[in-house]
Amino acid sequence: QVQLVESGGGLVQAGGSLRLPCVASRRTFGSVTMGWFRQAPGKEREFVAGVIWSADSTYYADFVKGRFTISRDNAKNTVYLQMNSLKPEDTAVYYCAASTGVIGARAERQYNYWGQGTQVTVSS
């Protein structure tokens with residue numbers, strides 16, 4: 001079984017930074033794409049950022065371009081989300097996800113595996 005574990009969430013001030021790691025454990029396959037999603041209370045889960053593993057190619061939702069950076073570490077089986085210039089509207093539960101079959105996946109249905117989520121709260 002594959003397990004994804006996110007961490008690094010917490011409370012930060014607007015304009016501050018936070019880095020979220022996602023570690024894949026008991027991993028027996030190579031993912032095509034790794035991504036980050038977020039969900040605020042009462043809202044739909046939305047795509048944040050993705051990385052195509054083999055190409056180390058990244059892509060982002062428009063609302064985080066220039067502020068967030070996704071990266072991966074092959075040796076550690078880890079993907080990171082570096083969040084800068086945080087805004088109160090970034091407050092949400094952030095989820096790590098893996099897709100085994102879709103290159104450049106953006107839709108929730110395209111991802112096979114999900115982490116438990118980590119809470120990020122940005123104060124104004």
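Look at the dipole of the chain built from charges on Cβ: of 9, 98, 25, the Cα furthest out on the positive end belongs to 25.
Of the GluC sites (Glu not before Pro) in segment 1-96, the ones in a loop by DSSP (not H, G, I, E or B) with at most 15 other beta carbons within 10 Å are 44.
Both the radius of gyration and Dmax for the chain are 13.5, 42 Å, in that order, over alpha-carbon atoms.
Basic side chains Lys and Arg get +1 at the Cβ, acidic Asp and Glu get -1 at the Cβ, and with that the dipole of the chain about its Cα centre reaches some 160 debye. If you take all other residues with their beta carbon under 12 Å from the beta carbon of residue 47, and give Lys and Arg +1 and Asp and Glu -1, the sum is 0. Of the residues 81, 11, 20, the one that moves most in a GNM of the chain with alpha-carbon contacts below 10 Å is 11.
With a Förster radius of 35 Å applied to the beta-carbon distance between residue 25 and residue 84, the computed FRET efficiency rounds to 0.80. Solvent-accessible area per residue in segment 8-124 equals 50 Å², computed with a 1.4 angstrom probe and all protein chains kept. Solvent-accessible area assigned to carbon and sulfur over segment 42-124 amounts to 43 percent, based on a 1.4 Å probe. Within the shell defined by Cβ-Cβ distances under 15 Å, the residues around residue 110 carry a net charge of +1, with Lys and Arg each +1 and Asp and Glu each -1. Across 87, 43, 65, mean-square fluctuation computed from a Gaussian network of the chain (C-alpha pairs under 10 Å connected) peaks at 43.
Using a Gaussian network model of the chain in which every pair of alpha carbons under 10 angstrom is joined by a spring, one finds that among 45, 67, 109 the greatest mean-square fluctuation is at 109. If r is the Cβ-Cβ distance from residue 109 to residue 13 and R0 is 41 Å, what FRET efficiency results, to the nearest 0.05? Here the calculated transfer efficiency is 0.70.
The values are calculated or read from the model by the stated rules, or taken from the named source; none is laboratory data. This one's a predicted model, so the numbers in the text were calculated from it and none came from an experiment. Using ideal geometry, Cβ is built from the backbone for each residue, glycine included, and neighbour counts are taken over all protein chains shown. Keep in mind that these areas ignore ligands, DNA and RNA; they rest on the heavy atoms of the full protein, side chains included. Shrake-Rupley method; radii C 1.70, N 1.55, O 1.52, S 1.80 Å.
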